[in-house]
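Structure, as C-alpha cells:
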Amino acid sequence: MAKNLVIVESPAKGKTIEKFLWPDFKVVASMGHIRDLPVKSLGIDIENSFAPEYEISDDKKKTVTSLKKLAKEANEIWIATDEDREWEAIGWHLCHTLKVDPATTKRIVFHEITKTAIQKAVKNPKTIDLKLVDAQQARRILDRLVWYKVSPVLWKKIRKGLSAWRVQSVAVKLIVEKEREINDFKPEESWKISVELQYGSSKFKAELHKVSGKVKKLKSRADVEKILSTLYDTLDIIKEGKTKKDTVSLTVKSPLEFKLVDSVKKDSKRLPWAPFTTSTIQQEAARKFGFGVKQTMMVAQRLYEGIDLWNGERQGLITYMRTDSVNLSDQAKNQAKSMIEGDFWKQYHKSRSFKTKASGAQEAHEAIRPTDLTVKPESLAWVLDPQQLKLYTLIWKRTVASQMADAIVEVTTFQFSPTRAESQTWQTKGEVIKFDGFMKLYIEWTDDEHDDEEDSGVLPAIEIWELLEAKQIDAAQLFSRPPARYTEASLVKKMESEGIWRPSTYAPTISTIMDRWYVEKINKKHLSPTETAFTVTDFLEQYFKKMMEYKFTKDVELDFDKIAEWESSYVSMLDNFWNGTLKKDLEEAWANAEKVIEKTWKQCPKCSEDLIYRFSKAGKFIGCSWYPECDFIDQPEEEKNALDAIKAKYEWKPCPDGIEGTIVVKTGRFGPFLTSSEYPKVKWIWKIKDDKEEKLEAILAEKWLLIDEESGEEMVVKNSRRWPFLAAKNYPAVKIAKNIPKEVWEELNAKLAEEVSEEENTESK
C-alpha cells in the first residue's frame, strides 16, 4: 500500500511523474474534470449567490470509486494537476469529491516535468489556491449563464439547434466583420514602373520613386505614359502585354542612360524574437508547418507530459505550454549561453530578458522552452514522431536564438536619374548581412500573404555620377487587394491583441465555432463564416449588444484576473453581469425580437417571390416565402457543394476488390451513399462516414493510432456486433486487430457531450 497518493489529470503525465518519485508514492489520473455543472439543466442557483450545483457524470463514476478507495488507503494525498485556473479547480473538485480538506491537502505545482522539478515541488508543497478556484468558477458560471439563457432565445427567434457563447460568439463576430470588409472592398488601381540597370556583369532593378523631389504615385496608364513621354521621343514603341495576374503590362525596349546621383550605406540592427508563448507558438507552427491550433497544442502536450528517451528514461521535454509569459529562468539562460558559445563563438551570445505586451499576462510563469537545452533536436530524431520533432526543434531554436546577439545588416540605397529627365529619381535597395547573429539559427516567418517584395540582393560598388545602361523599362498595372481572411493562427493573434482570450481558451474556442458550423475552413486554411454566422451575429449584436462588445469581453477577462488576485468577489462580479447586463437584455429580446427569416437573397423561379431557408426533420432546405401557394423547394448551395465534393472524392473510382463496376454517389432518405455503377445488378452499398465516425478517426489520427507501431500496417476502424475496433486495412488477411483505447472513447464522449443538442434542454432554464 502506497503511503502517498498523487493525483494528476492525465495518464501520460502520471507515467512520467511516477518515475521521479520514491517507492511509497503512487500516481493515478483523474482523466480531467471529476465533476462539473449538469448537462441537462442550468445547474446554478441564481437567487442563492449563483451557487453552482456540481455533479459527477456517469462516465466518471467508476474513476471516482477507484480514487476514493485509493485515497482511503493513503496517508497523504497530493494534487499535481497543471498550474492554471482550470487545473486548480480540478484539484479543488477532487478534494471535495474525495472528502478531504483543500486547506490541508498538499498541492504541488511545476512548470516542467523533470526529476529536479518534481522532487523540488514535493519538498515545497502548497495548498489549493482558492483565489484561482474562484476565478475559474466565475468563468464557468458566467459562460453557463450565457449559453443556457441566450441559446433558447435563438431557438425561438431564429431556429433550433443554435447556440450563443460569451467568447466564441465574439470570435465569430470578428470573422463575420472581416468577411463584410472583404465583400465591401473596392480595388484601387495603381502602377509600378521599373528599369533594369546593368553595371558590368551585375543586373538589378530600380523603381521610380520621386519626381521633382516629391514621391510619385502612379494611379493610371495615363500617369505612366506621361513619365515615358519624358524619356522617349515617341510612345509608339510601347508594347502591351499581360502580367501573371492577368493585368496590363507595358514594355519599352530602347536604350537609356541613368546616372547614380546618391548612394547611402547604413547599418541596421535586427533583434531576436522573444521565446514562445501559447499564442506565438501556435502562429509560428501554422506558418512553418501548417499546424492547426488544436494540433499544435496536442503535440506540445505530449512533449510536456513526457517522452520515453533513448536511454530508457522518461521526461518532459518542454515547459508548460499554456502561458502568456516570455520569461526565461536563469538556468535556461545559462544553458543557452553555454550552447551558443560552444556551437558558435562568444560574440554570438547576448543575455536578454523580454517583457510581454499582452495585458493581464502572468509574468511569474515561464515561456515555452525545452526543459534541458543540452538535449538537441538531432538527438531526438529516433525518439520523436515527425510532428513532435518539428515542434521541439522550433521551440529549441527559438529559445536559443532569443539569447543570441543582434544581427547587423548593411543596407545600401542607390538613387539614379535618367540623363533625359534629371528631375526623376529612381531607387533601389540592397542589403548585406555583416553579422548574422541570431539569424544564424532562427528567422520568424511572416503572416503577410500580400507581400510581393522580392529579396534584395547585393548591389555592386558604383561611384557617384557613373553612367549605367538601361535596355528596358517595364510598367505593371496593380490593383489593391482585399484583406486576407483569418487563419486559425491570425485569429489567435487578433483575439490576443484585443485582450479577450487567455492561453487555455485559444484552441477550444476555434474548435467550437468550427464544430458547430458557424465557421468553415476554405482552401484548407482560411476561416469563412457560414450564412448562419451572419444571421446569429446580427441578432446578438442587436439584442445583446453589450455582451458582443470586444471591450466588454476584455473587461470580463480582467475581472477574472482580479478575482484570482482577490481584488474582487466573484459573486459580486456575476451579480453585476446578470442584473446589470444579461437579465435586461434577455427580457428585451424575449419581448420585442421578431422571428428572423433567413433570406437567400434569390427569387423563386416559379413565382418570383423571395426564397428563404426553411428547416424540417430532414434538415435545412430552400423554399418559397409564398408557401403554401408556391411549393418550390431546392437544396442549399452548401449542400450542393458538399454533394459535389463527395462526388469528386469517390465517383468513377474502382469499387473494392471483387465488386463489379465503378463507384457512384446516390442520395437516399438518410443522405448520400456509395454504390456501384452496376446497381441494382450489383448489390453493394457503402455508408459514408457520419460526424461521430469522422471525429473518432480524427482523434485516432491525432494520437498516431492509425499506424500499427510494431508492423507499420495502416489501421482502420471496423465494426463488430459489439463495438468498433481497430484492424489492419487488409484485415482479416492481415491478422492485426486491437481495441480502441479507453482514453480515445473518453475524449470522443467528452467532445460529443459538449455538443448535446440544446433541444434537450427546456426553455425554462
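Within region 381-408, the set of residues being at pLDDT below 95 and farther than 21 Å from Val293 by Cβ comprises Ala381, Trp382, Val383. From the list Lys192, Lys210, Lys173, Lys205, the lone residue that is under 30 Å from Ala533 (Cβ atoms) and either surrounded by fewer than 19 Cβ atoms within 10 Å (Cβ to Cβ) or not assigned by TED's automatic domain parsing to the domain that holds Thr251 (or both) is Lys173. Across region 541-560, which residue is nearest to Ser572 (Cα to Cα) among those that are among the hydroxyl-bearing types (Ser, Thr, Tyr) and under 23 Å from the mean Cα position of the chain (by Cα)? So the residue we want is Thr553. Within region 598-655, the set of residues being under 22 Å from Tyr679 (Cβ atoms), modelled with pLDDT under 80 and assigned to a loop (DSSP other than H, G, I, E, B) is empty. Just give me the residues in region 79-105 being surrounded by fewer than 23 Cβ atoms within 10 Å (Cβ to Cβ), in contact with a strand residue (DSSP E or B) (Cβ under 8 Å, 6 or more places away or on another chain), farther than 16 Å from Lys60 by Cα and not aliphatic (A, V, I, L, M), in sequence order. Matches in region 79-105: Thr105 only.
Do we have Lys703 as closer than 30 Å to Arg302 by Cβ and at pLDDT below 75 here? Here the answer is yes, as Lys703 does meet what is asked.
Restricting region 478-496 to residues that are of a type in the set (A, V, I, L, M, F, W, C) and buried (at least 20 other Cβ atoms within 10 Å of the Cβ) leaves a set whose member that is farthest from the chain's Cα centre (by Cα) is Met495.
One residue stands out among those in region 706-735 that are among the hydroxyl-bearing types (Ser, Thr, Tyr) and modelled with pLDDT under 80: the one that is farthest from the chain's Cα centre (by Cα), which is Ser720.
Just one of (1) closer than 30 Å to Trp345 by Cβ; (2) in contact with a Phe, Trp or Tyr (Cβ under 7 Å, 6 or more places away or on another chain); (3) surrounded by fewer than 17 Cβ atoms within 10 Å (Cβ to Cβ) fails for Asp385. It is (1). Of the candidates Ala484, Ala476, Ala421, the single residue that is among the hydrophobic types (A, V, I, L, M, F, W, C) and not in a loop (DSSP other than H, G, I, E, B) is Ala476. Apart from one condition, Arg302 fits all of (1) under 26 Å from Ala405 (Cβ atoms); (2) charged (D, E, K, R); (3) surrounded by 19 or more Cβ atoms within 10 Å (Cβ to Cβ); the exception is (1). Go through the residues of region 497-506 one by one and say whether even a single one is of a type in the set (A, V, I, L, M, F, W, C), surrounded by 22 or more Cβ atoms within 10 Å (Cβ to Cβ) and closer than 30 Å to Tyr613 by Cβ. No, region 497-506 contains no residue that is of a type in the set (A, V, I, L, M, F, W, C), surrounded by 22 or more Cβ atoms within 10 Å (Cβ to Cβ) and closer than 30 Å to Tyr613 by Cβ. Of the residues making up region 36-56, just one is in contact with a Phe, Trp or Tyr (Cβ under 7 Å, 6 or more places away or on another chain), surrounded by 17 or more Cβ atoms within 10 Å (Cβ to Cβ) and farther than 17 Å from Asp134 by Cβ, namely Leu42.
For region 2-10, the condition of being at pLDDT below 95 and closer than 15 Å to Val64 by Cα holds for at least one residue.
Only one of the listed residues (Val224, Val195) is under 17 Å from Ala421 (Cα atoms), hydrophobic (A, V, I, L, M, F, W, C), modelled with pLDDT of 95 or more and part of a strand (DSSP E or B). That residue is Val195. Is it true that some residue in region 522-529 is of a type outside the set (Gly, Ala, Ser) and on the phi > 0 side of the Ramachandran plot? For region 522-529, residues of a type outside the set (Gly, Ala, Ser) and on the phi > 0 side of the Ramachandran plot: present. Leu441 falls short on exactly one of the conditions (1) aliphatic (A, V, I, L, M); (2) surrounded by 18 or more Cβ atoms within 10 Å (Cβ to Cβ); (3) in the same structural domain as Ala461 (by TED's automatic domain parsing); (4) farther than 23 Å from Phe354 by Cβ, and that condition is (4).
Residue-by-condition table, conditions (1) basic (Lys, Arg); (2) part of a helix (DSSP H, G or I):
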| residue | (1), (2) |
| --- | --- |
| Lys355 | yes, no |
| Glu366 | no, no |
| Leu384 | no, no |
| Lys390 | yes, yes |
| Thr399 | no, yes |
| Phe414 | no, no |
| Val432 | no, no |
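Screening Asp82, Asp101, Asp59, Asp24 for residues that are closer than 30 Å to Asp143 by Cα, among the charged types (D, E, K, R) and free of Cβ contacts under 8 Å to residues at least 40 places away in the same chain leaves exactly one candidate, Asp101. Consider Leu250 carefully, then state whether it is at pLDDT 95 or above, surrounded by 14 or more Cβ atoms within 10 Å (Cβ to Cβ), in the same structural domain as Ile193 (by TED's automatic domain parsing) and farther than 14 Å from Gln424 by Cα. Yes; evaluated as a whole, the condition is true for this residue.
The values are calculated or read from the model by the stated rules, or taken from the named source; none is laboratory data. Only a predicted model underlies this, so the values are computations on that prediction, with no experimental measurement involved. Cβ atoms come from the backbone with ideal geometry, glycine included; neighbour counts cover every protein chain shown.
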